[in-house]
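Engineer: The structure's right below; bear with me while I get my questions together.
The values are calculated or read from the model by the stated rules, or taken from the named source; none is laboratory data. Model, not experiment: these values are computed from the prediction. Neighbour counts are summed over all protein chains in view; Cβ atoms, including those assigned to glycine, are modelled from backbone coordinates with ideal geometry.
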Amino acid sequence: MEDVNRYFNLIKHNLNLLDLLTGDRPKHLKDEDFSDWQVTVIFYISCIYMKTVCSLFDIDIQDHYTLHSIINTRTDLSLYPISKDYRHIEEASRDARYEGRKFDKDYLIKRILEKYNKVRDCAISIIRQKGINNVVHADIKPFLERLNK
């Protein structure tokens, strides 16, 4: 349970960062496009949800490759078809971090949000099945809807 609470705190922390990245900005940053970091934070929230799930199965995840492998091969996770959604968010984040890709509001809401919600809802379902009811439900839609672009 200690890991679960630590992960829930990380989710809240990342949600606060997304709030900061999508909220009102100082005048000198008004025109700055932070969509690359918005997508990256969304990926990290997705990742932390899945690390929470893995911790409930006593699987210690230390890198993205291992987590991706678990999502693809673990039979108790294969009941939830989220592998492609998770991978899409991960690839968008990688493109943002390493290629400087930017994303418009429409893409974030129509593509990333939908996939994120599937991953989040899958994780929350599994966590609740394990008897944990105080699950953090990180709703990112309000943050994305307030974007200008």
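Engineer: Is it true that Y98 is hydroxyl-bearing (S, T, Y), assigned to a helix (DSSP H, G or I) and closer than 15 Å to V119 by Cα?
Structural biologist: no
Engineer: OK, next. So if I check each of Y49, Y80, which one is assigned to a helix (DSSP H, G or I) and of a type in the set (S, T, Y)?
Structural biologist: Only one candidate qualifies: Y49.
Engineer: For region 122-140, give me each residue that is surrounded by fewer than 16 Cβ atoms within 10 Å (Cβ to Cβ), in contact (Cβ under 8 Å) with a residue 12 or more places away in the chain and under 12 Å from the mean Cα position of the chain (by Cα).
Structural biologist: H137
Engineer: While we're looking at this one, here's another question. Check S69, S55 and return the single one that is in a helix (DSSP H, G or I), among the small types (G, A, S) and surrounded by 13 or more Cβ atoms within 10 Å (Cβ to Cβ).
Structural biologist: Exactly one residue qualifies, and that residue is S55.
Engineer: Let me ask something else about it. Quick check on M1: is it of a type outside the set (F, W, Y), closer than 20 Å to K130 by Cβ and modelled with pLDDT under 90?
Structural biologist: Spelling it out, M1 is indeed of a type outside the set (F, W, Y), closer than 20 Å to K130 by Cβ and modelled with pLDDT under 90.
Engineer: Do we have any residue at all in region 80-90 that's modelled with pLDDT of 95 or more and surrounded by fewer than 15 Cβ atoms within 10 Å (Cβ to Cβ)?
Structural biologist: no
Engineer: Okay, next question. What single numbered condition from (1) closer than 20 Å to Q129 by Cβ; (2) assigned to a helix (DSSP H, G or I); (3) without any contact (Cβ under 8 Å) to a residue 60 or more places away in the chain; (4) not polar (S, T, N, Q) fails to hold for I61?
Structural biologist: So I61 meets the others, but not (2).
Engineer: Okay, moving on. Pull up region 29-42, narrow it to residues that are closer than 12 Å to A96 by Cα and free of Cβ contacts under 8 Å to residues at least 60 places away in the same chain, then point me to the one that is farthest from the chain's Cα centre (by Cα).
Structural biologist: F34
Engineer: Still on this structure, I have one more. Taking the condition of being surrounded by 12 or more Cβ atoms within 10 Å (Cβ to Cβ), within 17 Å of C47 (Cβ to Cβ) and out of contact with any Lys or Arg (no Cβ under 8 Å at 6 or more places or on another chain), how many residues in region 96-114 meet it?
Structural biologist: So the answer is 2.
Engineer: Can you tell me which residue among I61, I45, I109 is of a type outside the set (D, E, K, R) and over 15 Å from the mean Cα position of the chain (by Cα)?
Structural biologist: Criteria check complete, one pass: I61.
Engineer: Evaluate the following for Y49: is it closer than 15 Å to F143 by Cα and buried (at least 18 other Cβ atoms within 10 Å of the Cβ)?
Structural biologist: When the stated conditions are applied, Y49 does not pass them.
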